């Protein structure tokens with residue numbers, strides 16, 4: 001019997017753990033989660049979008065696993081009665097200067113085999129009557145779901161298969177064949193690190209030198225007042241700037257009918273820093289002095305300052321939303337929470353723009369799994385489990 005230990009009880013960790021027991025039902029699988037319930041961090045603060053896979057380079061892990069993941073997520077939700085909706089989305093060019101990038105995005109979508117269609121301004125208004133644009137691309141296969149509910153179901157299924165989910169088990173050390181935690185020691189023949197915001201720290205504990213460091217970026221959301229949600233029918237995104245990993249402020253009609261606007265992207269002051277008040281001096285000092293971040297910041301100073309200004313000014317945030325839908329004013333927006341993206345950055349300041357999975361010895365480390373990891377989670381699990389290290 002092989003003893004597998006998965007560190008991290010978010011959607012990726014639980015998807016991997018469930019897949020392990022589906023493929024290796026006679027083995028022992030333990031999930032270690034430091035919080036008191038699964039999915040507390042990236043999973044629980046997710047935008048809820050089932051991404052189609054438009055943005056990712058053809059042949060990359062993100063492109064292949066996201067497209068397959070969208071289909072398998074819909075199948076999973078259908079089978080297990082998790083509410084979801086295929087809404088489609090519009091990616092809109094708000095002025096003529098963005099049309100070239102929109103056409104490039106269309107080609108990338110076509111390269112990835114996705115059903116997309118270019119729309120005129122008038123055609124776009126048939127989908128979203130209040131949108132402002134000069135042209136748009138319709139992505140038919142995009143949807144919405146509550147990934148917290150998906151994670152709850154994954155945890156239940158994992159338990160029914162005989163898995164052991166240990167909550168309140170913060171990892172404190174890793175030896176050759178044991179994982180030390182605040183809830184005791186756990187023997188491990190194979191270790192799988194799905195620790196999200198702390199994935200690089202766990203890798204170091206396990207004796208692995210990660211090729212990139214996790215840098216936390218907070219994304220802050222607003223939401224439309226309940227009496228204004230009828231302005232938005234589905235999902236409306238701007239044309240992204242390919243220099244940055246963030247998609248820009250967008251509008252998302254959630255599965256419960258609320259409408260979220262955002263996120264922006266600012267450097268968090270802690271790895272789990274969901275507001276300006278959440279400060280971890282040690283973590284922030286390590287992040288702020290990391291050469292990779294300093295090099296990235298020097299190249300993108302204007303962008304970073306504009307994101308910070310939008311975080312600190314409700315007026316500027318509302319102006320960004322109004323670029324997509326001019327009828328939305330600052331008075332229409334209420335605070336909507338925040339999430340933290342675990343973005344891996346290399347020492348040279350370049351962003352890791354694909355999923356990064358490092359296999360070494362009897363260990364697997366998921367070192368970069370931001371969006372679209374939730375969409376892709378079931379396929380990431382299959383990808384990892386299909387090529388596991390064999391214990392000696």
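The values are calculated or read from the model by the stated rules, or taken from the named source; none is laboratory data. From a predicted model like this one, the values you see are computed outputs, not experimental measurements. Cβ sites come from the backbone with ideal geometry, for glycine too, and all protein chains shown count toward neighbours.
Some notes on this structure:
- Selection over the stretch 129-167 of residues that are in a helix (DSSP H, G or I) and either out of contact with any strand residue (DSSP E or B) (no Cβ under 7 Å at 6 or more places or on another chain) or without any contact (Cβ under 8 Å) to a residue 12 or more places away in the chain (or both) gives a count of 12.
- Which listed residue is touching a helix residue (DSSP H, G or I) at 6+ places or on another chain (Cβ under 6 Å), in contact (Cβ under 8 Å) with a residue 40 or more places away in the chain and outside the structural domain of residue 154 (by TED's automatic domain parsing), from 70, 63: 70
- Given (1) in a strand (DSSP E or B); (2) assigned by TED's automatic domain parsing to the domain that holds residue 201, number of the condition residue 381 does not satisfy: (1)
- Those residues of the stretch 315-336 which are surrounded by fewer than 16 Cβ atoms within 10 Å (Cβ to Cβ) and within 29 Å of residue 39 (Cα to Cα), in sequence order: 334, 335
Yes/no per residue for (1) over 26 Å from residue 192 (Cα atoms); (2) assigned to a helix (DSSP H, G or I):
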site: 287; (1), (2): no, yes
site: 302; (1), (2): yes, yes
site: 317; (1), (2): yes, yes
site: 321; (1), (2): yes, yes
site: 335; (1), (2): yes, no
site: 349; (1), (2): yes, no
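- Meets criteria (out of contact with any strand residue (DSSP E or B) (no Cβ under 8 Å at 6 or more places or on another chain) and either assigned to a strand (DSSP E or B) or at pLDDT 95 or above (or both)) for residue 241: no
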